[in-house]
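Okay, structure first, notes after.
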There are 2 protein chains.
Amino acid sequence: MNNFTFQNTTKIIFGKGTENTVGEETAKYSKKVLLHYGGGSIKKTGLYDRVTKSLKDAGVEYVELGGVKPNPRLSLIYEGIELCRNNGIDFILAVGGGSVIDSAKGIAAGMCYEGDVWDLYLRKGTAAKALPVGVVLTIPAAGSESSGSSVVTKEEGQLKRDIGYDFLRPRFSILNPEVCFTLPSYQTACGAADIMAHIMERYFTNTPNVELTDRLSEATMTTMINNVPAALAAPNDYNAFAEIMWAGTFAHNDLLGTGREQDWSSHKIEHELSGIYDIAHGAGLAIIFPAWMKYVYKVNVNRFVQFAVRVWKVEQDFSDPEKTALEGIAKLEDFFRSLGLPTRLADAGITEDRFEEMAEKCVGSGTIGGLKKLDKNDIVNIYRLAR
Amino acid sequence: MNNFTFQNTTKIIFGKGTENTVGEETAKYSKKVLLHYGGGSIKKTGLYDRVTKSLKDAGVEYVELGGVKPNPRLSLIYEGIELCRNNGIDFILAVGGGSVIDSAKGIAAGMCYEGDVWDLYLRKGTAAKALPVGVVLTIPAAGSESSGSSVVTKEEGQLKRDIGYDFLRPRFSILNPEVCFTLPSYQTACGAADIMAHIMERYFTNTPNVELTDRLSEATMTTMINNVPAALAAPNDYNAFAEIMWAGTFAHNDLLGTGREQDWSSHKIEHELSGIYDIAHGAGLAIIFPAWMKYVYKVNVNRFVQFAVRVWKVEQDFSDPEKTALEGIAKLEDFFRSLGLPTRLADAGITEDRFEEMAEKCVGSGTIGGLKKLDKNDIVNIYRLAR
């Protein structure tokens, strides 16, 4: 186990009807906030009405900025910053999924940074603080509700980049599994793939002696595997969505990564995909993750055997570890496919003409990866394996 | 799953040599602190020297108060409060295990309360705030390093009582598994029993649909079962102690209790035992927990079957759930015994003459318990089962 520091200060308010406490929670920080949301589904479901009523009841004024798209755009962040500056706003309330929360964090960071907020994402500048952010979560997926990270796409050049600071963790996140009842199945499935990826990107490590976090990760993956099909089969299954929603936060609250080297290659390789093709991040992960696994598993076969046996209950072939490892990867791919997700680029209508460009954007002349270092050629090979 | 709120703000600084950062961490809060510790073992091991050097290097002045005993005493808390008041101290640094940390929290709460601090423990008053507390942990056991609770014994009448407030959670806790190398085996074993109890008191619930927290709990218990014997066999096994130390914090950071009714009867029943007889809390738990299980398991046999099968790998007898359940309880008892712990009151030289008195003190004419409500008679019966 490696040395580590862990702190996650986000307050989680979980369960039925909890969105009705948002006014009270918000009022602890500010009486004038930016209400940030996406394409307007929260208006159809009634969540918008419940949230705004709670804000009004608590005497919290709000200025609205909707329109966040999946793979949130830099231009809207600029708009949000201007809106906040013009209205003397000092708190961002995100009502939505990962994209809305990430956009809110971008605005929050930009409000406290003198230069261009995009410089933070390009690592040309460093944030020292941010406005506080609160969350009403609408989909279990990104884990952004208790993480300090934000992923944003700059339209010009289709560049997708991230930042991460502890002070960007939301002050509170309200998680009511009932809001999942109106999610389209495909979104639930994409969210599930994202959650699985967050766990696996911490799980696949060469760091030895990480039994507790291994077992906690396996516990969380098993819970996902058991509950996602149930939630898809019965979209008003509170119990199934409650497991998925809490697992989604747990997958990305940083506990599962403590004491171990992590490997976020698949996320980065996928980011280039959804940056260019604008497919759902979770769908991209369902395509990329199995391909990455097939490309790297020989570096640490035993870890992939453990994954196969403990997570997928594969009967171990003790004489042939590679066979067991590959069976685990196949089980993951089957799982994603059973959720209605694409597992090949062809399923998403993506051809190979931009592999080089995406790999170049992803890594340039450098490398990424913890379990196995990957250069540009490796990444092209992974895209090829994903065809 | 029940609705819940979860927030744990403690910063964990984990790994080799981390005690050397204590000055830097402490200086963020105060330049004049109370250095609180136990019987002086930290002086023998050199930990005291490293901590005080780090404080001095960071320009932090300290006033010392050692002498905390296991089952920490109210009288020392009074002394600590007076010392802090006389010296203008506004931060308590606990270097020790659960008793030292709990004593530090008592002083911290007492410093911000106008009345007698003991009234807080008697629920005759409520604390609104406390001085900040920092921790350098010396034994994985109590979980007090990231909890908001404090358990203290008033010598007169041998009353053991607890308080719990979110603002009592330590601001930071420094966990270096190397400090465990000098622990006597019996203390390591007692700590392990305490950790197992913290998990089990959350695990044994009637709340349905708590799959994620069930599996996380089972993962943590399995890790303990695998690593405690290794640590006892080789007391300088860093990897084993690292697993135990992180599991000990995880067992009591409140994540495993989210969304479920808990049952802290065994802790309360044990508190009367160690309050009167002054045996180690963990040893008392190793005696009481199996007895409590034998007394209550019929209320929810399936849960005890799950415990037996998933945690202890008992081969399930599908035709006889009670048999499987009892086999799980027997395995737990065997495990405690294999660690050198007493599992019967007789092993600790305790006879039955004060059962009535302890049960009366524990519950009076009321009840305790979540899985099964227990009155005074039930508690006497549990003490009898523990003979």
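No lab work stands behind these numbers, since they all come straight from the coordinates. Bear in mind the structure is a predicted one, so any value in this text is a computation, not a measurement. A quick note on method: Cβ atoms are made from the backbone with ideal geometry, for glycine too, and the neighbour counts reach across all protein chains shown.
For the reader, a short list of remarks on this structure follows.
- The alpha-carbon of residue A:313 sits under 30 angstrom from the alpha-carbons of these lysines, leaving out residues fewer than 8 places away in its chain: A:268, A:294, A:298, A:323, A:331, A:372, A:373, B:313, B:323, B:331.
- Between residue B:318 and residue A:316, the modelled labels are 2.5 nm apart [label points 7 Å from Cα along Cα→Cβ].
- Spatial separation of Cα centroids for segment B:1-78 and segment A:144-181, in angstrom: 35
- Taking the C-alpha atoms only, the angle from helix B:281-296 to the longest principal axis of chain B is near 30 degrees.
- Shown for segment A:96-170 is the translational diffusion coefficient from the Stokes-Einstein equation, using the Kirkwood radius over Cα pairs, a temperature of 37 °C and a viscosity of 0.692 mPa s: 267 µm²/s.
- Value at 222 nm in deg cm²/dmol, rounded to 500, when DSSP H runs of n ≥ 4 in the protein assembly as shown each add -39,500 (n - 2.57): -14500 deg cm²/dmol
- Against the main long axis of the alpha-carbon atoms of chain B, helix B:98-111 sits at an angle near 60°.
- Efficiency of FRET from Cβ geometry, residue B:207 and residue B:129, R₀ 25 Å, rounded to 0.05: 0.20
- Overall Cα dimensions of segment A:183-385 - principal axes, largest extent first, Å: 46, 40, 31
- Applied to segment A:246-263, the Karplus parametrisation 6.51 cos²θ - 1.76 cosθ + 1.60 on θ = phi - 60° returns per-residue 3J(HN,Hα) values of 6, 4, x, 6, 4, 4, 9, 8, 5, 5, 5, x, 5, x, 9, 5, 10, 9 Hz, with x for Gly and Pro.
- Trypsin sites (Lys or Arg not before Pro) restricted to DSSP loop in segment A:309-339 with at most 16 other C-beta within 10 Å: A:313
- Segment B:57-68 - phi-based ³J(HN,Hα) in whole Hz, Karplus 6.51/-1.76/1.60, Gly and Pro as x: 4, 8, x, 9, 7, 9, 10, 9, 9, x, x, 5
- Given R0 = 25 Å, the distance between the Cβ atoms of residue B:226 and residue A:186 translates into a calculated FRET efficiency of 0.05.
- For the protein assembly as shown, the share of DSSP beta bridges that are antiparallel, to the nearest 5, is 30%.
- Under conditions of 20 °C and 1.002 mPa s, segment B:11-178 yields 139 µm² s⁻¹ as its translational diffusion coefficient, taking Rh as the Kirkwood radius over Cα pairs in the Stokes-Einstein equation.
- If you plug the beta carbon distance of residue A:69 and residue A:233 into 1/(1 + (r/R0)^6) with R0 = 41 Å, you get a FRET efficiency near 0.90.
- Above-threshold pairs, the threshold being 26 Å between Cα atoms, out of A:28/B:160; B:105/B:160; A:53/A:105; A:129/B:11: A:28/B:160
- P(r) tail fraction, segment A:243-322 - alpha-carbon pairs more than 14 Å apart, %: 73
- Rotationally averaged projected area of chain A (alpha carbon convex hull; nm²): 17.8
- Out of every Cα-Cα pair that the protein assembly as shown contains, those further apart than 43 angstrom amount to 30 percent.
- For segment B:265-387, the Kirkwood estimate of hydrodynamic radius, built from reciprocal distances between every pair of different alpha carbons, is 14.7 Å.
- Aspartates and glutamates whose Cα lies under 20 Å from that of residue B:31, excluding same-chain neighbours fewer than 8 positions away: B:19, B:49, B:57, B:61, B:64, B:82, B:90
- Each residue of segment B:351-362 is assigned a 3J(HN,Hα), and the resulting list reads 9, 8, 5, 10, 4, 4, 4, 5, 5, 4, 5, 6 Hz, derived from the Karplus form 6.51 cos²θ - 1.76 cosθ + 1.60 (θ = phi - 60°), x at Gly and Pro.
- Pairwise centroid distance, computed over Cα atoms, of segment B:216-249 with segment B:307-386, Å: 23
- Full extension of the chain between residue B:112 and residue B:87 gives 7.5 nm of extra length, using 0.36 nm per residue less the Cα-Cα distance.
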